[in-house]
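Trainee: Here it is, the structure, as structure tokens.
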Protein chains: 2
Amino acid sequence: MTLTGKLLIGQQSISGHRDAIRAINPATNAPLEPAYAGGDEQHVEQACALAWAAFDAYRETPLADRATLLETIATHIEALGDELVERACAETGLPRARIEGERGRTCGQLRAFARTVRLGEWLDVRVDTAQPQRLPLPRADLRQRHIALGPVAVFGASNFPLAFSVAGGDTASALAAGCPVIVKAHNAHPGTSELVGRAIARAVKHCGLPEGVFSLLYGAGNEVGIALVSDPRIKAVGFTGSRSGGIALCQAAQARPEPIPVYAEMSSINPVYLFPAALETRCEALAEGFVASLTQGAGQFCTNPGLVIALQGAALDHFIQSASERLSRCPSQTMLTPGIFSAYETGVKALAQHANIAAKGMPATGPNLGQAHLFVTQAEAFLNNEQLQAEVFGAASLVVACRDVEHMRQVSEHLEGQLTATLQMDDSDLPQARALLPVLERKAGRLLVNGWPTGVEVCDAMVHGGPFPATSDARSTSVGTAAILRFLRPVCYQDFPDALLPAALQHDNPLRLRRLLDGQREA
Amino acid sequence: MTLTGKLLIGQQSISGHRDAIRAINPATNAPLEPAYAGGDEQHVEQACALAWAAFDAYRETPLADRATLLETIATHIEALGDELVERACAETGLPRARIEGERGRTCGQLRAFARTVRLGEWLDVRVDTAQPQRLPLPRADLRQRHIALGPVAVFGASNFPLAFSVAGGDTASALAAGCPVIVKAHNAHPGTSELVGRAIARAVKHCGLPEGVFSLLYGAGNEVGIALVSDPRIKAVGFTGSRSGGIALCQAAQARPEPIPVYAEMSSINPVYLFPAALETRCEALAEGFVASLTQGAGQFCTNPGLVIALQGAALDHFIQSASERLSRCPSQTMLTPGIFSAYETGVKALAQHANIAAKGMPATGPNLGQAHLFVTQAEAFLNNEQLQAEVFGAASLVVACRDVEHMRQVSEHLEGQLTATLQMDDSDLPQARALLPVLERKAGRLLVNGWPTGVEVCDAMVHGGPFPATSDARSTSVGTAAILRFLRPVCYQDFPDALLPAALQHDNPLRLRRLLDGQREA
């Protein structure tokens, strides 16, 4: 397939007029063809009009049909074959195995949402049957289901060119919920975006669905993004990216005449607690696991362990020493974009002004090579300097040495909201871990014992979310099947004749859903 | 019990220092003792400190204990006996039977949430068990439950001095979710608020729970409210009231360093559609039902039918004539407060500038007597004048005559978000109703056939919510047991030893919850 460099509005390829985006191979800084001229407000208008026209029909597609769309998208992405893998590698500097793995995850995610759609639990069907004889007043027949919010604007992430981009978790969960999707492609991987976007459009066509179910826009500046979030036909936003970007979208969404929800996954430093017994008995293993998690993928994960919290003393010194030795043997790695590399360099310099450098990865020459960094500071300094908990996106982490357990607790209470918090603990650490758990539950969306936060499973129980600024809405997850719940709202039908009820609510329960019927869950 | 005129911060009665609130009997305009001197930022600080101190313990109370608290509150409210009924009648001008009914609803609501808490479905427990042999990577053991968001600020409503005030739906659902509650009492019924607030405090004490689980504050201006919503320990807001009040709270919540969700139930005119066959065959019955719903409780309901949409013609003329005759025989009724009465008068005058008056209720002299009004306009006028869809809180309604079905659809698409939409239809109206249904699903939280929107059942299937400006968050309901979901967020526990897991997630499922286990719902 030849890349066209065009916007994709429904089934139409349309040339943009605005400043062009051009992908850069971060390993060489060489620009990649073609150029993607940006869209303007008129293109946003067209895409929103199509999405709005598709919405009522798409949200009422039978569950099986919607599941089939998700599965067909997966099949079409797989059918792109090597072209997709090669383009994604070239645009991101990520190794082939990583991109192949991410493709598997992306398609698996689409299929997981297909299963979730078919299961239908997200409809949350509740039926309270009429009680015409009730005194003092009869009760009406009341039936609730969830329906799609409306067309959703999705902003792809830089660090997951497949799994959190054009056909990523936000798109998959919004389509699963019955929402048409308009993606604003991330500027770092426009070619990957086009390949995947066209695969989606082909799947939409193959399934006989209205073309407005999916569009893909490009734009160099803020014009397209702000126009999208401001359009009255857009009813929710999914975003993965920087704190400043997420906050700007939240503000635009709140400034609308009709404010809308924004699900922005933004900033997290993912504290790792090394409890005393664990640190004492398996210091080397902890150092090994930590450095592997920190440096994986050049540290470019939302769940990268950017903070280590432990009691000061010989065991922690040993850990720092061991981690430092391992880190100093890590080769520098190509980061995703020149911009991300430069922000990493700036972030590392800022940290170095306030904390001590324990170790650096191997130096290297060449474009966009991120050198891992390990910093050390004391709890007092951490508590007195907000800059020490600013996310540095990349393989940089800060060890905070605490005088005592109370200090550890203070540091924990001082943390902003997080995606994850990790407890490295042995049995005898249980009392300390238990005492800290309530704080961590308040701070993070996912808590781990004796693992590492990188690696986010796509499953029913996953929570990839957490209090601000980890996300803009802690009531949800952006990974896992529960992500579908973000794009739904309840509607109640009172005394409807069966002929007018949606299938999910009809009296003889044709979809065989487990309804909450008069206060009892059906078997 | 003697009313003290004091704030209630945990178990302590504390005198305010700021300007005093004094209830007014709207039937006589006579002030009622005692005066309630307002709280200040220091009182907010105290209440938030107590709520925060109580939070971790309260949110982990066993489900049975939390249910018992809700039931004990109900018992203590009932034990207030006539004193509560008389004070509420005096403060609101509402008749005794209405207040007694509302007390029943309030206590029933508390008990419904107790059942919901015990059932535990709101925990949404999901378990994905470990797959250590999985290739290419093993799967960890992942378990999700929902936990309480944190202390919640509740702003009581004027029009439900019991059911949507101090111990109303917001308080009941937040306490059910495990959130401590701080109520800012509505200025219209401070004595009723004190009686109920002290009943809650006694129940908290009786159940041996930390005092910070509940506080009750008073304040004449915005100081207490804004301080509450701005306090970093407050994690969500429940509000029922005006559009401007709700929007102000949303803005304050968004301006925080950590924005928080606001559930504001604000403004709705609740369109009623009279379809041709229904209008033809039961015009008189429709007029009777409509006028009864419109004038009930002086029209002071969020779900009051403020808009009637129908095709122009003889049948609609007949309906307007019949409704007008009935309305003109309706006595004026005491409204809740001089402020609400005055706003109603202003709203009616504004409507009269843009629509024709079809009928007025019986004139009367005396304070705060709201006279019902029926207006008529054409669809063109409605489409061209936003003022015609501004809520007038009270017994005023506007009939919009449409030239044809397409016009009816245009009017519907032009509507802002609503709490309800009602279809009056016969069998032969089914095709028209079906064609309009997608629009109404997008516009409203509850759709009714052949009923009237006033009267909101507290049950599992109820949705008292809807798109902006009906509420600030269409993803939720403020009435019914699903309201508990507003105050929760998911947390995932990865590879936790059983000893550290909350009971809801432990391996042998001691709470006997129906978990989503490896993708299948347990029986």
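The values are calculated or read from the model by the stated rules, or taken from the named source; none is laboratory data. As the structure is a prediction and not an experimental result, all values here were calculated from the model. Here Cβ is always computed from backbone atoms with ideal geometry, including for glycine, and neighbour counts include all displayed protein chains.
Trainee: Pick from the stretch B:478-523 the residues that are in a helix (DSSP H, G or I) and over 34 Å from the mean Cα position of the chain (by Cα): which of them is surrounded by the most Cβ atoms within 10 Å (Cβ to Cβ)?
Mentor: Among residues in the stretch B:478-523 that are in a helix (DSSP H, G or I) and over 34 Å from the mean Cα position of the chain (by Cα), the one surrounded by the most Cβ atoms within 10 Å (Cβ to Cβ) is B:Leu500.
Trainee: Here's another thing I want to ask about it. Does the stretch B:488-496 contain at least one residue that is touching a strand residue (DSSP E or B) at 6+ places or on another chain (Cβ under 9 Å) and either without any contact (Cβ under 8 Å) to a residue 24 or more places away in the chain or more than 9 Å from every other protein chain (Cβ to nearest Cβ) (or both)?
Mentor: No, there is no match, as no residue in the stretch B:488-496 is touching a strand residue (DSSP E or B) at 6+ places or on another chain (Cβ under 9 Å) and either without any contact (Cβ under 8 Å) to a residue 24 or more places away in the chain or more than 9 Å from every other protein chain (Cβ to nearest Cβ) (or both).
Trainee: Checking A:Thr303 against (1) part of a helix (DSSP H, G or I); (2) closer than 28 Å to A:Ala153 by Cβ; (3) in contact (Cβ under 8 Å) with a residue 12 or more places away in the chain, only one condition comes out false. Which one?
Mentor: Among (1) part of a helix (DSSP H, G or I); (2) closer than 28 Å to A:Ala153 by Cβ; (3) in contact (Cβ under 8 Å) with a residue 12 or more places away in the chain, A:Thr303 violates only (1).
Trainee: How many residues does the stretch A:315-353 contain that are crowded, with 19+ Cβ neighbours inside 10 Å and closer than 22 Å to A:Asn25 by Cβ?
Mentor: Looking only at that region, the number is 9.
Trainee: Shifting gears a bit: Considering only the stretch B:10-27, state which residues are under 28 Å from B:Ile340 (Cβ atoms) and in contact with a helix residue (DSSP H, G or I) (Cβ under 6 Å, 6 or more places away or on another chain).
Mentor: B:Ile21, B:Ala23, B:Asn25
Trainee: Take the stretch A:200-229 and flag every residue that is touching a helix residue (DSSP H, G or I) at 6+ places or on another chain (Cβ under 6 Å) and either in a strand (DSSP E or B) or polar (S, T, N, Q) (or both).
Mentor: A:Phe214, A:Ser215, A:Leu216, A:Leu217
Trainee: Between A:Val183, A:Val204, A:Val166, A:Val196, which is within 19 Å of A:Gln109 (Cα to Cα), without any contact (Cβ under 8 Å) to a residue 40 or more places away in the chain and crowded, with 24+ Cβ neighbours inside 10 Å?
Mentor: Residue meeting the stated conditions: A:Val183.
Trainee: Looking only at residues in the stretch B:424-452 that are crowded, with 24+ Cβ neighbours inside 10 Å and either of a type in the set (Val, Ile, Thr) or within 14 Å of the chain's Cα centre (by Cα) (or both), which one is nearest to the other protein chains (Cβ to nearest Cβ)?
Mentor: Selected residue: B:Arg446.
Trainee: Which condition number in (1) in a strand (DSSP E or B); (2) under 17 Å from B:Leu228 (Cα atoms); (3) over 27 Å from the mean Cα position of the chain (by Cα) is the one that B:Leu8 fails?
Mentor: Going through the list (1) in a strand (DSSP E or B); (2) under 17 Å from B:Leu228 (Cα atoms); (3) over 27 Å from the mean Cα position of the chain (by Cα), B:Leu8 breaks only (3).
Trainee: Taking the conditions exactly as written (more than 8 Å from chain B (Cβ to nearest Cβ) and surrounded by fewer than 21 Cβ atoms within 10 Å (Cβ to Cβ)), does A:His407 satisfy them or not? Step through it out loud before you land on a result.
Mentor: On the way: more than 8 Å from chain B (Cβ to nearest Cβ): yes; surrounded by fewer than 21 Cβ atoms within 10 Å (Cβ to Cβ): yes.
So A:His407 passes the test.
Trainee: Do we have A:Asn270 as among the polar types (S, T, N, Q), in contact with a strand residue (DSSP E or B) (Cβ under 7 Å, 6 or more places away or on another chain) and either within 24 Å of A:Pro190 (Cα to Cα) or touching a residue at least 40 places away in the same chain (Cβ under 8 Å) (or both) here?
Mentor: Considered against the rule, which asks whether it is among the polar types (S, T, N, Q), in contact with a strand residue (DSSP E or B) (Cβ under 7 Å, 6 or more places away or on another chain) and either within 24 Å of A:Pro190 (Cα to Cα) or touching a residue at least 40 places away in the same chain (Cβ under 8 Å) (or both), A:Asn270 comes out as yes.
Trainee: Now for a separate question. Taking the stretch B:314-359 as the region of interest, how many residues are closer than 17 Å to B:Gly297 by Cβ and not in a helix (DSSP H, G or I)?
Mentor: Number of matching residues: 8.
Trainee: Looking only at the stretch B:48-64, decide whether some residue is over 20 Å from B:His206 (Cα atoms), of a type outside the set (Phe, Trp, Tyr) and crowded, with 18+ Cβ neighbours inside 10 Å.
Mentor: yes
Trainee: For the stretch B:273-282, what are the residues that are within 20 Å of B:Leu327 (Cα to Cα) and either surrounded by fewer than 21 Cβ atoms within 10 Å (Cβ to Cβ) or modelled with pLDDT under 95 (or both)? Write out each step before concluding.
Mentor: Initial filter on the stretch B:273-282 (within 20 Å of B:Leu327 (Cα to Cα)): B:273-274, B:279, B:282.
Scanning the stretch B:273-282 gives a single hit, B:Arg282.
Trainee: Next question, about the same structure. Can you name the residue in the stretch B:297-314 that is at negative phi and surrounded by fewer than 19 Cβ atoms within 10 Å (Cβ to Cβ) and is also nearest to the chain's Cα centre (by Cα) among such residues?
Mentor: B:Gln312
Trainee: To continue, here is another question. Could you tell me whether the stretch B:114-121 includes any residue that is at the interface with chain A (Cβ under 10 Å from one of its Cβ atoms), of a type in the set (S, T, N, Q) and touching a strand residue (DSSP E or B) at 6+ places or on another chain (Cβ under 7 Å)?
Mentor: Among the residues of the stretch B:114-121, not one is at the interface with chain A (Cβ under 10 Å from one of its Cβ atoms), of a type in the set (S, T, N, Q) and touching a strand residue (DSSP E or B) at 6+ places or on another chain (Cβ under 7 Å), which makes the answer no.
Trainee: Also: Scan the stretch B:210-232 for residues that are closer than 25 Å to B:Thr72 by Cβ and surrounded by fewer than 22 Cβ atoms within 10 Å (Cβ to Cβ) and jot them down. So that I can check it myself, show each step before the final result.
Mentor: Step one: filter the stretch B:210-232 for residues closer than 25 Å to B:Thr72 by Cβ, giving B:210-218.
Once the filter is applied, which keeps residues that are closer than 25 Å to B:Thr72 by Cβ and surrounded by fewer than 22 Cβ atoms within 10 Å (Cβ to Cβ), the stretch B:210-232 yields B:Pro210, B:Glu211.
Trainee: Are any residues in the stretch B:131-163 touching an Asp or Glu at 6+ places or on another chain (Cβ under 8 Å) and free of Cβ contacts under 8 Å to residues at least 40 places away in the same chain, and if so, which ones?
Mentor: Scanning the stretch B:131-163 gives a single hit, B:Arg139.
Trainee: For the stretch A:237-263, give me each residue that is outside any helix (DSSP H, G or I), within 9 Å of chain B (Cβ to nearest Cβ) and within 21 Å of the chain's Cα centre (by Cα).
Mentor: A:Ile260, A:Pro261 - these are the residues of the stretch A:237-263 that are outside any helix (DSSP H, G or I), within 9 Å of chain B (Cβ to nearest Cβ) and within 21 Å of the chain's Cα centre (by Cα).
Trainee: Where residues in the stretch B:457-477 are at the interface with chain A (Cβ under 8 Å from one of its Cβ atoms) and among the hydroxyl-bearing types (Ser, Thr, Tyr), which of them is surrounded by the most Cβ atoms within 10 Å (Cβ to Cβ)?
Mentor: Looking at residues that are at the interface with chain A (Cβ under 8 Å from one of its Cβ atoms) and among the hydroxyl-bearing types (Ser, Thr, Tyr), I get B:Thr477.
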